[in-house]
Amino acid sequence: MKISGWLFDIYPNMVNGLTLWLIGDDGQRHCLQHEFAVRFYAAGPSAQLRALWKFLEEREEPVKLSRTERRDIYTGKITVLACEVPNPAALRDLFQQVSLAFPDLTYYDADIHLALRYAAETGVFPLARCEVETLGNQVQAIQPLDKRWELDPVAPPMRILSLAPDDDPSCRTPKGIIFQYERYSYRLDLEPARAVLVNLRTILERFDPDLILTNHGDTWLIPWLASKIKELGISIPINRDPAYQILTHKEHTYFSYGKIVYRGQQSQFFGRWHLDKQNTMLWSDYGLDGALEMARVTCLPVQEAARLSPGSGISAMQFVTAMQTGILIPWRKAQAEKPKTALELIRADMGGMVYQPTIGLHENVIGIDFVSMYPGIMVHFNISPEVQRSGVALEPSTEEPGIVPQTLEPLLKKRIAYKTALFDMPKWDDRREKYKARSSAEKWLLVTCFGYLGYKNARFGRIESHEAVTAYGREALLRAKEAAEELGYEILHMYVDGIWVKKATKPDADDIRKLLEDVADRTGLPIALDGMYRWVAFLPSQVNAKVPVANRYFGVFQDGSTKVRGIEARRRDTAPLLSKTQMGILEILAKAPDIAAIRKVMPEVDRFIDSKVRALRDGRVPLEDLVMRQRLSRELEAYRTPSPAARAAQQLAEVGKTMRAGQSIRFIITRGKPGVHAWDLPAEVDRKSIDVQRYQTLLYRAIRTVLDAVVPLEKPPDLFDLPVRIEMPIKTDLMAVC
DNA sequence: TACAGTCGGGG
DNA sequence: GTGTACGACTGTA
């Protein structure tokens, strides 16, 4: 029989291959089995390889052995022992025994996700349209009908059941569950639990949803259901595949991007998806469409793709490229960082180019950005761990692309295609949201790819490549500066992938076009206009008013929209009252068409500030607007000087709610000890205890940040007091901008 | 004054 | 399952 449809789920079966779920064009959900052997490779001294051969031959489960040639990206062509295991589910245990018995051999392709192997071998990836030849429920042949890079893939029709507790389980115990299916929505009390389970069973049997979309499902709802199912002995087809239990992952914390990250526990299904909106990477940013895009481009099953941590998505893509092109994937990273000379160490410490901005207000400023600068550099100049580089030449590479650029190029192209399409797509076009979501998911992958190059445990990473990227970035920025200067512009600021310039006279469209062209010509990298500012203010350091800081500024574009960086309003830990006040002031300032007109809007600014301060003093500010939010950087007992966030977490601990390192906590500042009131305490904060004085100080400070930059100073600063502008490359390599 | 703790990026 | 920057800034002792 022939079936066409979408690949919905993929996981190992216990016998000799994998289970595929297809949403058929016929509307059926097909559960199929596909025989699929997996291979790992071993390399090393022949005597040891022979011993391994013997070791494997003597085992009960069949392993097909052969000698073959493959390419290691660092050492080139090598002879390896290929070990083919017919049962993918058995690979993990078998390989563990092998690696323990022969620890000195070098292993490849040993720990690769089954879905990635499948995508590399068959071209069929999660959500791909495909055509399957079947005999019974056995797959005889399968072929993809679309590619990962398709801009408008046809989406499968999906049946979605939403489940949500009626309260946030991290604060209060929920009393009910809200069920929603299509236009039906109803609430059931949690007790008696039997009624909840029976209802759920009925819905699952009647509608057979493809996706169970929950609030707090990973951390609370599914574990709650699982415990009740066990307790009451009611069987529920929560997995479509009755052969499987719910798959759970424990909560954990890990270090990423310089900070502790907390991931709650997870629950995944088989043959059906469970996605928890609260425990899904960036759900609020790109929702279901972004999660589906992640699955398509990474080739990882949707439930995993949606919960990805930064590096794993891009690694998955690199693995697929590697398997498709016959490159071995090291089991453990083979290459240690080579020792560096003193000079190289100094250079290695440089990250993105940072220029000290000219403090103050500037009119008619052009801001330009390189588009996806670091990924663009990797692709254009072929930066990859296996490609040798000496020096920085901004010439497009003509050599065979390395594994990293080869992986990135289609992704970068796809994202640029979405961005380009969005640029002149009308507002009412219903593709807009999808395009934005996909481009946002792709951006994530592109950005982390750069970081991953420098990660010591990345399979295809090398610190030298990472440094090469930032070196190219600095060179590109310097060339942009030259181009602008030759056209008579004054350079106000440069920051990693952006440059701000101005001229004595207001530039017109032709001037801007010329500037963009010249910069693009000289760097060979795509460049985009960030905007033409009516005015922009680069702020001084709070500590020393004469010292500029690289990334604190705000400005107003010609169309009246604002851009804000680095000030309080941009920080997650700032109370909404302060952000709203700062942004409100900016909105009023944005009405001024030029610097001279700012004076005219100041009375309105004054009235606005006055209203905010009065509201605070009179207790009319909504409590939510006073809530600060911070991440706990360590476990509670590890604090030497408990921060306000730690003290709030202590309060929660006292009522039995433990917070782990990496979790965010919300609190309000109160008078006396401990000086905070955790927002998630069962008792609401007493308005009388709020430290209004403190909030007022913070509010004034936030107001001053904005106003000091735009209101003329009482006394003009002495010309000789102005800071000396210095060019200073420093390590800011994380500021990759896409 | 010194040190400990937190945030950033884009859209 | 995986990036242990780095500078600016704030709060506390």
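The values are calculated or read from the model by the stated rules, or taken from the named source; none is laboratory data. Just so you know, these numbers come straight off a predicted model, no measurement behind them. Quick reminder, even Gly has a Cβ in these numbers, built from the backbone with ideal geometry, and neighbours come from all protein chains shown.
For the stretch A:557-615, give me the residue count where each residue is more than 16 Å from DNA strand C (Cβ to nearest atom) and assigned to a helix (DSSP H, G or I).
Taking the stretch A:557-615 first, the residues more than 16 Å from DNA strand C (Cβ to nearest atom) are A:557-563, A:580, A:583-615.
Within this subset, residues satisfying the condition of being assigned to a helix (DSSP H, G or I) are A:580, A:583-589, A:595-615.
Residues that pass the stated criteria total 29.
If you filter the stretch A:124-144 down to residues that are more than 29 Å from the chain's Cα centre (by Cα) and assigned to a loop (DSSP other than H, G, I, E, B), you find that the one that is farthest from A:R29 (Cα to Cα) is A:G136. Among the residues of the stretch A:643-666, those that are surrounded by fewer than 16 Cβ atoms within 10 Å (Cβ to Cβ) and either near DNA strand B (Cβ under 7 Å from one of its atoms) or farther than 19 Å from A:L681 by Cβ (or both) comprise A:S643, A:S664. Pull up the stretch A:24-65, narrow it to residues that are in a helix (DSSP H, G or I) and of a type in the set (F, W, Y), then point me to the one that is surrounded by the most Cβ atoms within 10 Å (Cβ to Cβ). Per the stated criteria, the residue is A:W53. Of everything in the stretch A:227-258 that's free of Cβ contacts under 8 Å to residues at least 24 places away in the same chain and of a type in the set (A, V, I, L, M, F, W, C), which residue is farthest from DNA strand C (Cβ to nearest atom)? In this case the residue turns out to be A:L247.
Conditions (1) within 16 Å of DNA strand C (Cβ to nearest atom); (2) not polar (S, T, N, Q), marked per residue:
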{"position": "A:V392", "(1), (2)": "no, yes"}
{"position": "A:P396", "(1), (2)": "no, yes"}
{"position": "A:I416", "(1), (2)": "no, yes"}
{"position": "A:M425", "(1), (2)": "no, yes"}
{"position": "A:S439", "(1), (2)": "no, no"}
{"position": "A:C449", "(1), (2)": "yes, yes"}
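Considering A:I236, A:I229, the condition of being at pLDDT 90 or above, touching a Lys or Arg at 6+ places or on another chain (Cβ under 7 Å) and either more than 19 Å from A:G313 (Cα to Cα) or not in a loop (DSSP other than H, G, I, E, B) (or both) is satisfied by A:I236 alone.
I'd like the residue in the stretch A:536-556 that is more than 9 Å from DNA strand C (Cβ to nearest atom) and β-branched (V, I, T) and, out of all such residues, is nearest to A:A592 (Cα to Cα).
Pass one, the stretch A:536-556, residues more than 9 Å from DNA strand C (Cβ to nearest atom): A:536-538, A:545-546, A:553-556.
Still in the running and β-branched (V, I, T): A:536, A:556.
Working: A:V536: 12, A:V556: 9 Å.
Ranking the qualifying residues of the stretch A:536-556, first place goes to A:V556.
Residue count for the stretch A:35-48 satisfying the condition of being under 23 Å from A:P88 (Cβ atoms) and over 35 Å from the mean Cα position of the chain (by Cα): 1.
Filtering the stretch A:363-414 to residues that are within 16 Å of DNA strand B (Cβ to nearest atom) and among the aromatic types (F, W, Y) leaves A:F370, A:Y374.
When the residues of the stretch A:558-590 are filtered to those that are closer than 14 Å to A:V706 by Cα and of a type in the set (S, T, N, Q), the one that is nearest to DNA strand B (Cβ to nearest atom) is A:S579.
When the criteria are applied in full, A:D686 meets the requirement of being at pLDDT 90 or above and charged (D, E, K, R).
Look through A:P526, A:P593, A:P507 and report the one residue that is within 13 Å of DNA strand B (Cβ to nearest atom), more than 30 Å from A:M628 (Cβ to Cβ), of a type outside the set (A, V, I, L, M, F, W, C) and not assigned by TED's automatic domain parsing to the domain that holds A:Y695. Don't jump to the end; show me each part of the working.
Values: A:P593 fails: within 13 Å of DNA strand B (Cβ to nearest atom); A:P507 fails: within 13 Å of DNA strand B (Cβ to nearest atom).
None of the others qualify; the one that does is A:P526.
Free of Cβ contacts under 8 Å to residues at least 12 places away in the same chain, β-branched (V, I, T) and more than 28 Å from A:F460 (Cβ to Cβ): does that describe A:T134? Considered against the rule, which asks whether it is free of Cβ contacts under 8 Å to residues at least 12 places away in the same chain, β-branched (V, I, T) and more than 28 Å from A:F460 (Cβ to Cβ), A:T134 comes out as no.
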